[in-house]
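Q: Encoded as structure tokens, here's the structure I'll be asking about.
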Amino acid sequence: MKLVIAEKPSVARDIARVLHCSQKGNGCLEGKDYVVTWALGHLVTLADPEEYDKKYMKWEMNTLPMMPDHMKLVVIRQTGKQYNAVKTQLFRKDIGDIIIATDAGREGELVARWILDKSGCHKPIRRLWISSVTDKAIKEGFSHLKDGRAYNDLYHAARSRAEADWLVGINATRALTCKYNAQLSCGRVQTPTLAMIAHREQQIRSFKPEDYYGLRCTTSVTSGSVGTMASIVTWTWQQKKSGSLRSFNKDLITGLDKKLKNQTLTVTDVHTSSKRTPSPGLYDLTELQRDANKRFGFSAKETLNIMQSLYEHHKVLTYPRTDSRYIGTDIVPTIKERLKACNIGPYKKYIPELLKKPLKTSKAFVDDKKVSDHHAIIPTEEYVQMEHMSNNERKIYDLVVRRFISVLYPAFEYEQTTLKAEAAGETFTAKGKVIKAAGWKAVYADAASSGSSASQYDAYGDYEDSEDFGEDFQNNDMYLKASEQALPVLHKGDTLTVTRTNITSGKTKAPARFTEATLLSAMENPVRYMSSDDNKMKKTLGETGGLGTVATRADIIEKLFHSFLLEKRGNEILLTSKGKQLLELVPEDLKKPELTASWEMELAKIAKGAHKEQVFIKDIESYTKELIQDIKTSDGTFRHDNLTNTKCPRCGKRMLSVKGKNSRMLVCQDRECGYRETIARTSNARCPNCHKKMELIKKGDSETFVCSCGYKEKLEAFKNRRAKEGAGVSKRDVQKYLKKQQQQNDEPVNNAFAQALAGLKLDK
């Protein structure tokens with residue numbers, strides 16, 4: 001017998017079905033040759049400091065830094081039952097080999113190996129490495145199982161990363177909290193992320209807008225054999241030396257405007273070129289999260305959860321936590337099957353065309369060297385039933401499928417004509433575009449007219465995105481480019497009459513604040529925020545995916561919000577007062593992306609067997625000691641900006657007003673006191689007016705429901721009202737009633753009238 005360890009129950013059920021394991025056991029599914037069990041994400045984690053010594057239970061500066069001789073593993077309390085179930089299976093006498101079937105990646109390897117290490121199991125290991133959980137993928141994966149020892153170095157790299165984060169994060173967080181008596185957390189990923197937002201805020205504050213001006217003119221062209229057809233051409237003034245389409249000198253532009261009146265314009269150059277634009281690459285998780293945020297306003301976490309459902313439950317998309325935008329050559333033979341599986345609904349316009357002829361692939365999306373642990377997110381061979389999807393699931397599925405189809409279509413082709421002309425000694429330009437072949441953009445032709453995102457997309461699926469570029473984008477010449485227009489046929493030397501002039505103006509704009517979409521981009525590519533010019537570090541950050549991983553970035557952003565370090569205004573992300581102060585107090589190294597770059601360089605070597613994890617951890621310990629010493633000797637201060645006038649009933653100090661996920665609380669400012677009380681919480685009770693969830697506010701002994709629409713109702717009055725409405729009926733009572741009704745409906749009707757009707761021959 002072989003034991004298969006999956007990462008999640010849903011994946012375990014899929015594997016069990018393929019392996020014919022249908023007998024239910026304690027936390028497992030058993031068959032003739034295999035037993036399939038599962039984790040629930042991580043079942044085992046690194047022990048908290050107090051597990052090493054009772055003195056660490058109290059947060060004190062004199063106990064820092066904490067440097068355990070050997071890192072202990074503990075069972076996560078919430079999932080302890082499943083761990084014991086897995087452990088029982090591991091030590092069954094009839095179990096020979098262990099097959100690790102957790103997610104194919106560094107973190108997935110850690111999930112399984114920590115379970116084996118904690119349990120003390122030393123049975124032979126084999127590895128299942130697959131990117132999708134379709135029946136076909138599972139069967140192929142089990143026919144090509146790898147020796148588990150081949151992944152030992154990957155495990156060592158994963159363990160090193162986890163232990164390093166523990167040493168730096170826990171020690172630095174305790175040191176800051178003890179030093180300033182405030183709940184302050186930091187880490188190598190979340191702190192540089194905060195620093196990037198602070199950097200953007202500084203750019204915005206220091207930005208001084210400037211007025212700029214441009215000049216446009218229109219000319220009338222008469223063409224055709226009898227000279228009856230008139231065509232209007234719009235020309236934009238251009239500086240001769242710089243090529244800029246604007247000037248900050250208002251007098252210059254006003255003077256040109258006067259000078260241009262009743263002038264003739266002579267064409268000096270006509271340039272026509274054919275251009276091709278290939279399809280955007282396939283999706284990795286970060287790119288998908290960006291697009292989903294731009295188009296639908298989904299948070300990174302929300303998109304990941306939807307993707308997980310489409311991967312695990314519906315099985316129509318491949319593994320979501322990937323940082324690759326390429327597929328391998330092994331996937332190419334399956335492309336037609338994948339197209340057939342999603343040849344439904346709106347996609348029937350585009351897929352049959354591809355299936356008629358041999359598919360053309362290119363290095364633009366097929367490259368074995370650029371596939372990391374997982375290939376890009378693409379559809380599976382599983383037949384799609386969109387009616388079983390939620391609205392949000394359909395939106396994400398649509399993004400992935402259209403992108404997958406588009407890479408198989410030819411390039412978008414158009415003809416660009418650029419005209420140059422002179423008038424009154426000044427240079428003018430005009431541009432025109434003629435589409436020759438829609439190519440891949442045709443796949444998006446009907447997407448623009450459907451859904452809430454229509455206004456953000458043109459007819460060919462191009463996102464109008466300038467928010468991440470800020471000043472750099474909006475202040476360049478492209479911002480004032482001449483509108484692309486239908487141009488008449490003109491030749492060098494043609495003269496035209498200026499019929500109208502128009503002065504254009506605007507103000508330079510500061511960089512835009514981060515949204516979740518642009519923050520994900522910055523975390524993925526934080527090179528511009530590095531103070532170092534080390535090209536090796538920059539390259540490493542680029543190759544390893546920047547700050548965090550595709551799997552963790554969403555959680556990091558959520559954590560920053562839940563820690564009250566970030567807040568949202570509309571779609572924009574801003575630092576809170578707490579976040580600003582934290583950045584002033586935290587050691588400089590922890591604010592830089594360079595720390596992650598240096599770690600990843602070392603971890604990559606460990607994963608390849610070219611570096612020892614013991615050496616890496618020793619270096620981290622030395623770094624942690626320096627870090628703690630910096631915090632101990634610093635002279636900063638922390639001021640609470642959420643103090644209330646309510647005094648703590650225990651110690652008498654003023655309380656802090658804090659917003660939890662679903663509640664509002666008063667918390668003692670003295671961390672050691674630890675007193676807290678809930679003053680309001682979001683309930684499941686619905687407002688009788690607007691039907692929104694009401695907040696239950698506690699004041700003394702009385703509790704009152706309050707709705708945002710203004711409705712108020714005391715708890716006692718609410719209970720009485722609900723009792724009169726019949727709200728006291730339990731779900732069990734409802735089920736009994738429905739069952740009784742169903743039984744009555746199923747009973748034969750034997751009354752006299754029914755018998756008389758039954759005797760009639762109505763079909764004759």
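Each value in this text was obtained by applying a stated rule to the coordinates, not by laboratory testing. These numbers were taken from a predicted model, which means no experiment stands behind them. Methodologically, a virtual Cβ is constructed for each residue, glycine included, from the backbone with ideal geometry; neighbour enumeration extends over all protein chains shown.
Q: Count charges around I115 for me, please; just the other residues with Cβ under 12 Å from its Cβ, Lys/Arg as +1, Asp/Glu as -1.
A: 0
Q: Using 1/(1 + (r/R0)^6) with R0 = 56 angstrom and r between the beta carbons of T329 and S22, what's the FRET efficiency to the nearest 0.05? Write down the numbers at each step before the final one.
A: Numbers: r = 36 Å, r/R0 = 0.64.
The calculated FRET efficiency here is 0.95.
Q: By average Cβ neighbour count within 10 Å, what is the ranking of 263-270, 129-136 from highest down?
A: Top to bottom by mean Cβ count within 10 Å: 129-136, 263-270.
Q: Can you compute the modelled spin-label distance between E415 and I232, with each label point 7 Å from Cα toward Cβ, in nm?
A: So the two model labels end up 2.4 nm from each other.
Q: Quick one: 3J(HN,Hα) in Hz for segment 123-130, Karplus 6.51/-1.76/1.60 with θ = phi - 60°, rounded, Gly and Pro as x.
A: Working through the residues one at a time gives 6, x, 10, 10, 10, 9, 10, 10 Hz.
Q: Can you give the extra length, in nm with one decimal, that the chain gains between S634 and M386 once fully stretched, where that is 0.36 nm per residue apart less the Cα-Cα distance?
A: Extra length from S634 to M386 when fully extended: 83.5 nm.
Q: For a 26 Å ceiling on Cα separation, which of these pairs sit above it: K136/K360; K81/K139; K315/K538; K294/K591?
A: K81/K139; K315/K538; K294/K591
Q: Another question, if that's okay. Given H placed 1.01 Å from N in the peptide plane, which residues other than close sequence neighbours of L215 have an amide H under 5 Å from its amide H?
A: Under 5 Å from the amide H of L215 lie the amide H atoms of W237, T504, each far enough along the sequence or on another chain.
Q: When only alpha-carbon atoms are used, what values of Rg and Dmax, in angstrom, describe segment 285-408?
A: 13.9, 40
Q: Next question. What FRET efficiency comes out for the pair K336/K275, r = Cβ-Cβ distance, R0 = 35 Å, nearest 0.05? Don't skip to the answer; put the middle values down first.
A: On the way: r = 30 Å, r/R0 = 0.87.
Plugging the Cβ-Cβ distance into 1/(1 + (r/R0)^6) gives 0.70.
Q: Would you list I344, I606 from fewest to most Cβ contacts within 10 Å?
A: On the way: I344 14, I606 22.
In order of increasing Cβ crowding within 10 Å: I344, I606.
Q: Still on this structure: Kindly write out, for segment 708-714 in residue order, the coupling ³J(HN,Hα) from the Karplus curve 6.51 cos²θ - 1.76 cosθ + 1.60 (θ = phi - 60°), rounded to whole Hz, with x marking Gly and Pro.
A: Those phi angles translate into 5, 7, x, 5, 10, 7, 5 Hz.
Q: Work out, step by step, the length gained on full extension between N305 and E210: first 0.36 nm times the residue separation, then minus their alpha carbon distance; give nm to one decimal. All intermediate terms of the calculation are to be shown ahead of the outcome.
A: Working: separation 95, 0.36 × 95 = 34.20 nm, distance 4.39 nm.
Net length gain for the segment: 29.8 nm.
Q: Moving on. Between K724 and R569, what is the label-point separation in nm under the 7 Å Cα-to-beta-carbon projection?
A: 4.5 nm
Q: Ranked highest first by the average count of other Cβ atoms within 10 Å around their residues, in what order do 213-219, 494-500 fall?
A: 213-219, 494-500
Q: Residues of segment 554-587 with amide nitrogen under 20 Å from the 7 Å Cα-to-Cβ point of H313?
A: Output list for this probe position: 555.
Q: For the residue pair M61 and H491, what label-to-label distance in nm results when each label sits 7 Å from Cα along the Cα-to-beta-carbon direction?
A: 8.6 nm
Q: Can you give the FRET efficiency to the nearest 0.05 for N642 and S683, using r as the Cβ-Cβ distance and R₀ = 30 Å?
A: Between N642 and S683 the formula returns 0.80.
Q: Please list 3J(HN,Hα) in residue order for segment 262-273, calculated via the Karplus relation 6.51 cos²θ - 1.76 cosθ + 1.60 where θ = phi - 60°; whole Hz, with x for glycine and proline.
A: 6, 8, 9, 10, 10, 5, 9, 7, 10, 10, 10, 9
Q: With an 8 Å cut-off on Cα pairs and a minimum separation of 6 or more residues, tell me the relative contact order of the chain in percent. Don't skip to the end; give the middle numbers.
A: Details: 1294 pairs, mean separation 104.9, N = 764.
Once normalised by length, the contact order is 14 percent.
Q: Which value, in debye to the nearest 20, gives the size of the charge dipole of the chain about its Cα centre, when Lys and Arg are +1 and Asp and Glu are -1 at the Cβ?
A: Dipole magnitude for the chain comes out near 1800 debye.
Q: I would also like to ask the following. Compute the signed sum of charges (Lys and Arg +1, Asp and Glu -1) over the other residues within less than 15 Å, Cβ to Cβ, of S160.
A: -2
Q: Excluding K139 itself, calculate the net charge of residues whose Cβ lies under 13 Å from the Cβ of K139, where each Lys or Arg counts +1 and each Asp or Glu counts -1.
A: -2
Q: In nm, what is the difference between 0.36 nm times the number of residues separating A445 and E51 and their Cα-Cα distance? Write down the numbers at each step before the final one.
A: Values: separation 394, 0.36 × 394 = 141.84 nm, distance 5.98 nm.
That works out to 135.9 nm of additional length.
Q: Highest first, please rank the peptides 281-293, 383-395, 199-211 by the mean number of other Cβ atoms sitting within 10 Å of their residues.
A: Result, highest mean Cβ count within 10 Å first: 281-293, 383-395, 199-211.
Q: Let me ask you something else. Arrange the following residues from fewest to most other Cβ atoms within 10 Å of their Cβ: E50, E381.
A: Final ranking by Cβ density, sparse to dense: E50, E381.
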